[in-house]
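Encoded as structure tokens, the structure appears first; notes follow it.
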Amino acid sequence: MEFEIAKQVNTLMLELSARLDASVKLVMETSDSEEFHRYRQAIGKIMGAVYLDVLSPLYAEHPSLTPEGLIQGKDDSEPEKSAPGGSIVD
């Protein structure tokens, strides 16, 4: 993928992750525990897919787009499989 397109995709995916995380907070504040846990699990699957299927390959191709603070692997050469900035409210 061309760098400028990758940069735009990265921005859009990080915005998507932030919005999904905000939706989890909303459901947490307005729903019962069972509904919240179901919702959080569903959103976690979406965020995991975005990271594993879109962002991780993008960062492998364009390392300069990798967000600061992304957890590094054991040898510090490869990022671990954790979504950047995505916390999914605990």
Across segment 67-79, which residue is modelled with the highest pLDDT among those that are surrounded by 12 or more Cβ atoms within 10 Å (Cβ to Cβ) and more than 12 Å from the chain's Cα centre (by Cα)?
78
When segment 10-25 is checked residue by residue, the ones that are over 11 Å from residue 40 (Cα atoms) and surrounded by 16 or more Cβ atoms within 10 Å (Cβ to Cβ) are 10, 13, 14, 17
Between a first residue in segment 30-52 that is of a type in the set (Asp, Glu) and a second residue that is surrounded by 12 or more Cβ atoms within 10 Å (Cβ to Cβ), which pairs have beta carbons less than 9 Å apart while being 6 or more apart in sequence or on different chains?
35/27
Find the residue count for segment 26-48, including only residues that are surrounded by 15 or more Cβ atoms within 10 Å (Cβ to Cβ) and of a type outside the set (A, V, I, L, M, F, W, C).
4
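The values are calculated or read from the model by the stated rules, or taken from the named source; none is laboratory data. These figures come from a predicted structure and were not determined experimentally. No Cβ is skipped: glycine too gets one built from the backbone with ideal geometry, and neighbour counts run over all protein chains shown.
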